[in-house]
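Report on the structure given below.
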């Protein structure tokens, strides 16, 4: 099967669910798709990708560094995205996007650019050590009616998954595989938008802390830096928490491709779940 | 001396240099102060603090999570800041600020709030191990005419400072003390704006990588999460790089107060310096 057909076959549902229609003057009509919710609220990685698509349409470059602040739950249905391009230079473009339903849902600030040409490479980390994809534990969000849990395919390392039986590892770490559900893992082709989605698709790392309820951990802020162009295949992801204090925890993510290259880094600041 | 007088005495030059004057409708007149430059360009931590002051004036709360994208060098002189408050809730307020001289200099997206009430505290890190303040090495930026190098007082751990003699540690780490220069270290009283400044005041961590010229490392994006209210005294700071690739490096910061509490986390994405 020629690569081009493969390319068209993957991320398909995700691409369709993050499509935007230009109305002119930086305004976009879009839809928060029904299928990307957790208990009726759109997933945060899906929402940042949706807003990023509108910026991409304006500036013609993929996301390089994107930050979202989450203001209200994203209920499925029509939405409007407005994009304000502050600067479009030779290599990079920087813009603000605001996504609204009947209320303002997220604000996004991002710089969009292709990966810069090479130079020095120094890596002081390694991809997470994961059992094969199908030996990991498929997890779905701990609420009913999660369309999101069907459309993404997250497989957590078994040693990180015991929080589901009430035995958190206390490490504050959750690692595993990420793919979309509409193609076999080895046929996945991720673009930078798929990386934005992968950065907020796993169970919150605080689930591997003791005495934290397995409930919604509302994201206040999410930043994703795209650091490479993924090779084909599933993504290896590691999420870690170091500081839980004053009602908040950060979640630091590393996303590696199948060739062992770091392709994205993320950090989010979220509220510790309440019972 | 009563604490109130002490409070008034510290951060004084910084407070004055980040003052903003409200013009109404979210517009502010301010000044990129002459004294906070490195070779004629305002420091990035100073600029994010200046923009944050304008948001603070609008929403009456200190910064909690702030992201800046840097579009152009900030030359000293008058500037205008426009603030757009997207949401002001009971606890948090989220806003966009844009700082312009004759060109747009930075875009800022931030959520402003007092620290949230307690809850669980789990800390998997420790403050950097630093020799006493005056046993560390005072560093100034490697360019002439650095007002910034006089107004902040950065003291790098001697073992991290040998890059100045052409012997980088290869660790990608720079740790040390941060204070302002207009009060003795033990009399420092930092607020959240001072933490924003501290997050971008040290020599770039890439200076402790081999074959990286000691030259300007332009910041593309800087995010600071304020995680606590600092106790009096100087700040202990650790900055680290893990991934240097595709022309970019990230710099992760931890800022600890004199009582050993983490008070801020930062991450920036910057361009590897060219000779």
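Just so it is clear, none of the values below were taken in a lab; they were calculated from the coordinates. All of these numbers come straight from a predicted model, not from anything done at the bench. Cβ: placed from backbone, ideal geometry, glycine included. Neighbour counts: every protein chain shown.
Just a few scattered comments:
- Computed log₁₀ I(q)/I(0) - Debye formula, equal Cα scatterers, no solvent, segment B:133-271, q 0.20 Å⁻¹: -1.24
- Dividing the helix sum by the residues of chain B, where each DSSP H run of 4 or more adds -39500 (n - 2.57), gives a mean residue ellipticity at 222 nm of -4000 deg cm²/dmol.
- Tensor-based shape of segment B:190-273 (alpha-carbon gyration tensor, a/c under 1.5 rounded, otherwise prolate or oblate): prolate
- Here residue A:165 yields copy-to-copy label distances, from shortest upward, of 5.7 nm, the label point defined as 7 Å from Cα along Cα to C-beta.
- Residue A:125 versus residue A:27: modelled label distance in nm, points set 7 Å from Cα along the beta carbon direction: 4.1
- Amide N proximity, segment B:153-193 versus residue B:134 label position 7 Å along Cα-to-Cβ, cut-off under 20 Å: B:153-159, B:176-189
- The same position residue B:57 in the other copies lies at 3.7 nm from this copy, comparing label points 7 Å beyond Cα toward the beta-carbon, shortest first.
- The distance separating the Cα centre of segment B:209-243 from that of segment B:68-130 comes to 15 Å.
- Shape of segment B:70-152, Cα gyration tensor, a/c cut at 1.5: oblate
- Stokes-Einstein D in µm²/s, Kirkwood radius over Cα pairs - segment A:3-112 at 10 °C with 1.306 mPa s viscosity: 113
- Over the C-alpha atoms of the protein assembly as shown, the Rg to Rh ratio, Rh being the Kirkwood estimate, stands at 0.95.
- Per residue of B:176-184, other chain Cβ atoms within 10 Å of the residue Cβ number 0 on average.
- Inter-site label distance for residue B:259 and residue A:91 at 7 Å from Cα along Cβ, in nm: 4.4
- Peptide A:116-129 shows a mean partner chain C-beta count of 5 within 10 Å per residue C-beta.
- Take each residue in B:81-89, count the other chain C-beta atoms within 10 Å of its C-beta, and the mean is 2.
- Cα gyration tensor shape for segment B:232-275, rounded if a/c is under 1.5, else prolate or oblate: prolate
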